[in-house]
Amino acid sequence: MPALIAIDGSHGEGGGQILRTALALSAATGQGFTLSQIRARRTQSGLRAQHVAAVRAAALACGAKTGGVFEGSPDLRFEPGVVEPGEFRFEIATAGAASLVLEMLLPALATGSTRSQVTITGGTHVPLSPSFDYVARHWSKAVEPLGLHTAFVLEKAGFQPRGGGAVRGCVEPWSRPASLRLEERGALLQVRGVSIEARLKGDVAQRQRDAAQARLWEMRRLEAEWEVGSVPSASPGSFLLLEVAYEKGRGAFGYLGQRGVRPEQLGDRAARRLLRFLEEPGAVDPFLADQLVAPLALARGGGVVATPEVTGHLETAAHVVGLFGISARVEGRRGLPGVVEVGSH
């Protein structure tokens, strides 16, 4: 067995990005790792509930031997076996982001020989994490050219702080190698919007939509294609996602309803962010750029992705991929436009 890769959990972004990238690479490649000083610079250091769920999910998918898998653990050992595709169900006891676990697990399961299905309970629309809609509509389309074919179903929404949602993701066996070059956007093809609400009064979803559409039309004469409605949910909440598709690039921005923020404010805020993206360089939004690094590495064909902003998450993902012996580098200063390049192998 090869020696375990030693990873410093306080490096770079110093949070869940390190863990999820390492788990995806480890499960798919069979290379084990140790992770120390987990989230050492955070107020609550060590593994959180959603991180524990991610480790257990990855371990079950590949028969891994593990150590240190408990809340608050500062260190982790992960020794993978062989990926075994199938049907899985995992629970996140808190409102931890179920979508992040799916993004980590599905590319690894795709290296198996047959189709896999994963159901996860937890948070589906929570702050500082990609929403279910972002993953199902945006991330899934971005990874398709890599031969990674996924499908998602929202069984029940779960808004913070309660969570309690349920999502299902399916992935087909991966046809590899494949490469992806997203260096320029090309022509604008479409603007799409999704505005949802759950267990709220006052036509919140429609008001979010109307405000966003009004701003898009006023500033750029853009007309979006909209999906508006209510969803089954364990807790009240609202969400709006704006997405733009180009010939060769794409961007998406999601906003979660907040107490004290009127639906009109939220819709206008989302529209302004999308309009700013239209004027920025790069082929994809900054969030998607870091979420493509692990799939690019696992697709084996490599690729290049240009982003309007180099983030700590992007730098961290590239750093972890490099530790697994796959060349990955980021050009550009943090906070400014840049490019991530992942080598073929």
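The values are calculated or read from the model by the stated rules, or taken from the named source; none is laboratory data. All values derive from a computational prediction rather than experimental measurement. No Cβ is skipped: glycine too gets one built from the backbone with ideal geometry, and neighbour counts run over all protein chains shown.
If you go through the stretch 35-55 one residue at a time, do you hit one that is without any contact (Cβ under 8 Å) to a residue 24 or more places away in the chain and buried (at least 19 other Cβ atoms within 10 Å of the Cβ)?
Yes.
Restricting to the stretch 80-118, give me the number of residues that are assigned to a strand (DSSP E or B) and under 16 Å from the mean Cα position of the chain (by Cα). Walk me through how you get there before you give the answer.
Of the stretch 80-118, the ones assigned to a strand (DSSP E or B) are 87-91, 97, 116-118.
Restricting the remaining residues to those that are under 16 Å from the mean Cα position of the chain (by Cα) gives 97, 118.
Qualifying residue count for the region: 2.
With the stretch 147-250 as the region, which strands (runs of 3 or more DSSP E) entirely inside it contain at least 1 residues that are under 25 Å from GLY302 (Cα atoms) and either modelled with pLDDT under 95 or assigned by TED's automatic domain parsing to the domain that holds VAL261 (or both)?
Working: elements: 150-156, 165-171, 178-182, 188-198, 225-230, 237-246.
The strands (runs of 3 or more DSSP E) meeting that bar are 178-182, 237-246.
In this structure, does PRO130 turn out to be within 19 Å of the chain's Cα centre (by Cα), assigned to a loop (DSSP other than H, G, I, E, B) and either of a type in the set (Ser, Thr, Tyr) or not assigned by TED's automatic domain parsing to the domain that holds GLU243 (or both)? I'd like the intermediate steps shown before the answer.
Details: within 19 Å of the chain's Cα centre (by Cα): yes; assigned to a loop (DSSP other than H, G, I, E, B): yes; either of a type in the set (Ser, Thr, Tyr) or not assigned by TED's automatic domain parsing to the domain that holds GLU243 (or both): yes.
Yes; evaluated as a whole, the condition is true for this residue.
Which number in (1) within 23 Å of SER140 (Cβ to Cβ); (2) more than 21 Å from the chain's Cα centre (by Cα); (3) surrounded by 22 or more Cβ atoms within 10 Å (Cβ to Cβ) marks the one condition that VAL204 misses?
(1)
Could you list, in sequence order, the residues of the stretch 162-191 that are within 22 Å of PRO107 (Cα to Cα) and surrounded by fewer than 14 Cβ atoms within 10 Å (Cβ to Cβ)?
SER175
Does the stretch 45-59 hold any residues that are modelled with pLDDT of 90 or more and in a loop (DSSP other than H, G, I, E, B), and which are they?
The answer is GLY46, LEU47.
Scan the stretch 294-340 for residues that are in contact with a strand residue (DSSP E or B) (Cβ under 8 Å, 6 or more places away or on another chain), farther than 18 Å from LEU105 by Cα and either acidic (Asp, Glu) or surrounded by fewer than 21 Cβ atoms within 10 Å (Cβ to Cβ) (or both) and report the count.
Counting residues in the stretch 294-340 that are in contact with a strand residue (DSSP E or B) (Cβ under 8 Å, 6 or more places away or on another chain), farther than 18 Å from LEU105 by Cα and either acidic (Asp, Glu) or surrounded by fewer than 21 Cβ atoms within 10 Å (Cβ to Cβ) (or both) gives 19.
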